[in-house]
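The values are calculated or read from the model by the stated rules, or taken from the named source; none is laboratory data. Small disclaimer: the values here were computed from a predicted structure and weren't measured. Using ideal geometry, Cβ is built from the backbone for each residue, glycine included, and neighbour counts are taken over all protein chains shown. In case anyone asks, the SASA skips ligands and DNA or RNA and just uses the protein heavy atoms, side chains included. Shrake-Rupley method; radii C 1.70, N 1.55, O 1.52, S 1.80 Å.
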Amino acid sequence: MKRWIPLKVGCALTLLCVGLTVLPGEAAEISKDQTVRYILAMVKAFRTTYVRHIVERMKKVGVQSKEGWIKDAHAIMLPFEFVSRGGAKIKQEVQGLDVGLISLTPIDPSNLPKTPAEREALASMVADSTRTVLTFGDGDQFKGLAADIVIEQHCADCHNQHPKSTKRDFKPGDVMGAIVVRLSQ
Ligand code: HEC
């Protein structure tokens, strides 16, 4: 039994050395492209979960997701705010990282694309909904867009009826805009 001990120690040391040499190398190989894609996937997953399992469920007990929710004890934030407030928190934690929502036909003009490259990428997503994620360099930032799709009828209803809306014919399945991640290079 004893002769196994040096063998086990040897194996453990080898694994540790391999780990130490491989892990930092692998970490360095995670590209900006992958980083932006991971962040987009996470933000999208959390937002979809908020809409499907919180907004939809609360509606059944009379609690609406609406503008001005903060002053109403029986209301919760809009899906938009779930991303913008989360994005503001991320920005406090991680320098050079910006997360938000943009649209070519926004309710609020401050949600328009910030550069021609963003506009062009978003326009190509709206034209072809199979383009669900796009990444690209833009000046001193690396950016990614994930299509923000009308996943529930009430997204379309609220946007179509909003007094400040610039588009009134959204329907389920349409690309309404995109989650945007901007990472300083
Ligand atoms: C009850 C109304 C309401 C519902 C429901 C709603 N939104 Fe919005 N949404 C808004 C308002 C108002 C804004 C602008 C908020 C701001 O800039 O302060 C907005 C902003 C956005 C934006 C940014 C561009 C813009 O229009 O200003 C996107 C993209 C968006 N919403 C997508 C969605 C999607 C997708 C859903 C469904 C999952 C959804 N919204 C549900 C009211 C709503």
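Where the centre of each part is set by its Cα atoms, how far does the stretch 85-108 sit from the stretch 123-149, in angstrom?
Using only Cα atoms to place each centre, the spacing works out to 15 Å.
For the stretch 30-184, what's the relative contact order in percent, using C-alpha pairs closer than 8 Å and at least 6 residues apart?
26 percent
Assuming R0 = 30 Å, what is the FRET efficiency of His162 and Thr35, from their Cβ-Cβ distance, to the nearest 0.05? Write out the running numbers ahead of the final one.
On the way: r = 34 Å, r/R0 = 1.14.
That gives a FRET efficiency of 0.30.
Arrange the peptides 53-64, 132-143, 75-86 so that the one whose residues have, on average, the most other Cβ atoms within 10 Å appears first.
75-86, 132-143, 53-64
Report the gain in length on full extension from Thr48 to Gln92: 0.36 nm times residue separation, minus Cα-Cα distance, nm rounded to one decimal.
Gain in length upon complete extension: 13.5 nm.
Among the listed pairs Lys59/Lys91; Lys59/Lys143; Lys66/Lys167; Lys91/Lys171; Lys66/Lys164, which have their C-alpha atoms separated by more than 24 angstrom in this model? Please list the in-between numbers first.
Numbers: Lys59/Lys91 31 Å; Lys59/Lys143 35 Å; Lys66/Lys167 19 Å; Lys91/Lys171 32 Å; Lys66/Lys164 15 Å.
Pairs exceeding 24 Å: Lys59/Lys91; Lys59/Lys143; Lys91/Lys171.
Could I have the simple spin-label model distance between Ser129 and Ala117, label points 7 Å from Cα toward Cβ, reported in nm to one decimal?
That separation, rounded to one decimal, is 2.8 nm.
Determine the equivalent ellipsoid of the stretch 30-184 by diagonalising the alpha-carbon gyration tensor, then write out the semi-axes as square roots of 5 times the eigenvalues, largest first, rounded to whole Å.
26, 18, 14
For the full complex of protein chains and a 1.4 angstrom probe, list Lys71, Lys164, Lys66 by accessible area with the highest value first.
Correct descending sequence by accessible area is Lys71, Lys164, Lys66.
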